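Novice: Below is the structure I would like to discuss, written out as structure tokens.
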Amino acid sequence: MTEKKEEKGEKPAVGRQRAVILNFWWSLNYGAILTAYALQRELEKLGVDNRLVNFLHEWCREPFKNSFSEKFAERYLKVTPPFESVADLVELNRTADVFIVGSDQVFRLSYNVGYEFYYYLPFVDADKKKIACAASFGASELEGTIADRELVRCYLSGFDAVSVRETDGLRLCGEELRRSDAALILDPVFWPAPGEWETLIRNADDGEKDFGLTYVLDQNKETDAVAAAAEHRFAVGKVIDMGNAQKDGEITLSPEQWLYNIKNCRYMVTDSFHGACFAIIFNKPFICVANRERGIS
């Protein structure tokens with residue numbers, strides 16, 4: 001049964017704490033979408049009325065149209081009205097009390113070319129609360145020039161609370177960014193009880209069970225060899241390859257079906273952080289091939 005959601009762009013209820021969230025909910029990446037979903041729902045349980053900021057990076061605007069990401073957002077997510085530029089985001093100061101950044105690799109400068117400091121909230125008024133929630137730098141060292149790092153240090157000093165999801169991120173906050181008060185917390189996909197993901201899985205097609213599964217973002221000889229070894233080890237009759245929607249535009253697998261596949265597979269091979277997360281959540285045997293390019297940290 002599909003749950004009813006409020007109209008897109010609807011203003012939060014008056015009298016409640018109003019928050020906006022900035023992350024990659026619009027990207028063609030299952031982990032990013034489901035992180036945004038989990039964070040939004042968990043905040044609602046805490047009584048925090050919130051919206052995801054509807055500002056798409058320019059490179060994603062065309063791929064987003066009619067994608068599984070757009071369909072999922074229309075069905076499950078609460079978002080603000082659309083914004084055309086970073087400059088327009090100052091308008092959020094009129095309606096929001098709290099600005100939350102996270103999760104995923106929001107602090108990774110190379111993932112935000114043209115919008116490098118967007119997630120450090122330079123457009124937010126000083127009297128607003130700014131929170132980094134399970135944020136990730138995506139690397140063991142800070143990216144960017146010396147000047148870039150100084151800006152990051154300056155912007156992060158204005159946050160009321162900082163939490164990260166990786167130990168390297170915690171180290172960078174303490175050693176490089178003068179935020180020794182940063183906390184290490186779990187990615188939001190771990191916050192709901194495992195059974196709560198059934199809300200989405202019930203909307204997937206009831207397909208096969210007891211199959212092998214691969215979710216590899218960057219296929220290479222190493223990942224192929226691991227996948228072949230796992231197929232031999234588990235002796236399954238079929239292996240489903242979920243591919244990489246960001247590289248292969250013809251992939252239309254819904255996030256609901258993506259979750260269904262992980263829950264019902266015999267084993268999983270992945271090089272994805274969130275692929276590993278959901279294998280853990282659904283208690284599935286898995287092999288995670290370290291992906292240095294995307295952030296082995």
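The values are calculated or read from the model by the stated rules, or taken from the named source; none is laboratory data. These numbers were taken from a predicted model, which means no experiment stands behind them. All Cβ positions, even for glycine, are placed from backbone atoms using ideal geometry, and neighbour counts span all protein chains on display. These accessible areas exclude ligands, DNA and RNA; they are computed on the full protein's heavy atoms, side chains included. Shrake-Rupley method; radii C 1.70, N 1.55, O 1.52, S 1.80 Å.
Novice: Before we move on, is Asp181 of a type outside the set (Lys, Arg), farther than 23 Å from Asp104 by Cα, open to solvent by 70 Å² or more (accessible area, probe 1.4 Å) and part of a loop (DSSP other than H, G, I, E, B)?
Specialist: Values: of a type outside the set (Lys, Arg): yes; farther than 23 Å from Asp104 by Cα: no; open to solvent by 70 Å² or more (accessible area, probe 1.4 Å): yes; part of a loop (DSSP other than H, G, I, E, B): yes.
Judged against the criteria, Asp181 is not a match.
Novice: Could you grab me the full set of residues in region 133-151 that are of a type in the set (Gly, Ala, Ser) and either farther than 19 Å from Asp168 by Cα or open to solvent by 30 Å² or more (accessible area, probe 1.4 Å) (or both)?
Specialist: The answer is Ser140, Gly144, Ala147.
Novice: Also, quick follow-up: Just one of the numbered conditions (1) open to solvent by 60 Å² or more (accessible area, probe 1.4 Å); (2) touching a helix residue (DSSP H, G or I) at 6+ places or on another chain (Cβ under 7 Å) is not true of Phe117; which one?
Specialist: (1)
Novice: Of all residues in region 147-168, which are touching a Leu at 6+ places or on another chain (Cβ under 9 Å) and not in a helix (DSSP H, G or I)?
Specialist: Gly158, Phe159, Val162, Ser163, Val164, Arg165, Glu166, listed by residue number.
One line per residue, one yes/no per condition, for (1) part of a loop (DSSP other than H, G, I, E, B); (2) modelled with pLDDT of 95 or more; (3) farther than 30 Å from Leu217 by Cα:
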site: Tyr37; (1), (2), (3): no, yes, no
site: Asn54; (1), (2), (3): yes, yes, no
site: Arg61; (1), (2), (3): no, no, no
site: Ala73; (1), (2), (3): no, yes, no
site: Leu92; (1), (2), (3): no, yes, yes
site: Phe99; (1), (2), (3): no, yes, yes
site: Gly114; (1), (2), (3): yes, no, no
site: Val124; (1), (2), (3): yes, yes, yes
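Novice: Turning to a different aspect of this structure: State the number of residues belonging to region 235-274 that are of a type in the set (Ser, Thr, Tyr) and not in a strand (DSSP E or B). Before you say what the answer is, go through the steps one by one.
Specialist: First, the residues of region 235-274 that are of a type in the set (Ser, Thr, Tyr): 252, 254, 260, 267, 270, 272.
Checking which are not in a strand (DSSP E or B) leaves us with 252, 254, 260, 272.
Residues in region 235-274 being of a type in the set (Ser, Thr, Tyr) and not in a strand (DSSP E or B): 4 in total.
Novice: Now, a different point. Given the conditions (1) without any contact (Cβ under 8 Å) to a residue 60 or more places away in the chain; (2) surrounded by fewer than 20 Cβ atoms within 10 Å (Cβ to Cβ), which single one is not true for Ala38?
Specialist: Unmet for Ala38, out of (1) without any contact (Cβ under 8 Å) to a residue 60 or more places away in the chain; (2) surrounded by fewer than 20 Cβ atoms within 10 Å (Cβ to Cβ): (1).
Novice: Further question on the same structure: Among the numbered criteria (1) exposed (fewer than 13 other Cβ atoms within 10 Å of the Cβ); (2) closer than 22 Å to Gly102 by Cβ, which single criterion is violated by Pro192?
Specialist: Tallying (1) exposed (fewer than 13 other Cβ atoms within 10 Å of the Cβ); (2) closer than 22 Å to Gly102 by Cβ, Pro192 fails exactly one: (1).
Novice: Also, I was wondering about something else. Taking into account only those residues within region 275-294 that are at pLDDT 95 or above and in a helix (DSSP H, G or I), which is surrounded by the fewest Cβ atoms within 10 Å (Cβ to Cβ)?
Specialist: This residue is Ile280.
Novice: While we're here: Of these, Glu231, Glu208, Glu198, which one is surrounded by fewer than 16 Cβ atoms within 10 Å (Cβ to Cβ), of a type in the set (Asp, Glu) and not in a loop (DSSP other than H, G, I, E, B)?
Specialist: Values: Glu231 fails: surrounded by fewer than 16 Cβ atoms within 10 Å (Cβ to Cβ); Glu208 fails: not in a loop (DSSP other than H, G, I, E, B).
Within the list Glu231, Glu208, Glu198, the selection yields Glu198.
Novice: Still on this structure: Considering only residues that are in contact with a Phe, Trp or Tyr (Cβ under 8 Å, 6 or more places away or on another chain) and open to solvent by 10 Å² or more (accessible area, probe 1.4 Å), look in region 44-75 and name the one that is nearest to Ala161 (Cα to Cα).
Specialist: Per the stated criteria, the residue is Asn54.
Novice: Within region 241-252, does at least one residue satisfy the condition of being small (Gly, Ala, Ser) and either in contact with a Lys or Arg (Cβ under 8 Å, 6 or more places away or on another chain) or surrounded by 14 or more Cβ atoms within 10 Å (Cβ to Cβ) (or both)?
Specialist: So far as region 241-252 goes, yes, one or more of its residues are small (Gly, Ala, Ser) and either in contact with a Lys or Arg (Cβ under 8 Å, 6 or more places away or on another chain) or surrounded by 14 or more Cβ atoms within 10 Å (Cβ to Cβ) (or both).
Novice: When you go through Val98, Val124, Val90 one by one, which is the residue that is touching a Phe, Trp or Tyr at 6+ places or on another chain (Cβ under 9 Å), open to solvent by less than 50 Å² (accessible area, probe 1.4 Å) and touching a residue at least 12 places away in the same chain (Cβ under 8 Å)?
Specialist: Val124
Novice: Do we find that Thr223 is assigned to a helix (DSSP H, G or I) and touching a residue at least 12 places away in the same chain (Cβ under 8 Å) in this structure?
Specialist: So Thr223 fits the description; yes.
Novice: Does Ser27 fit the bill of being assigned to a loop (DSSP other than H, G, I, E, B), touching a helix residue (DSSP H, G or I) at 6+ places or on another chain (Cβ under 9 Å) and either without any contact (Cβ under 8 Å) to a residue 24 or more places away in the chain or hydroxyl-bearing (Ser, Thr, Tyr) (or both)?
Specialist: Considered against the rule, which asks whether it is assigned to a loop (DSSP other than H, G, I, E, B), touching a helix residue (DSSP H, G or I) at 6+ places or on another chain (Cβ under 9 Å) and either without any contact (Cβ under 8 Å) to a residue 24 or more places away in the chain or hydroxyl-bearing (Ser, Thr, Tyr) (or both), Ser27 comes out as yes.
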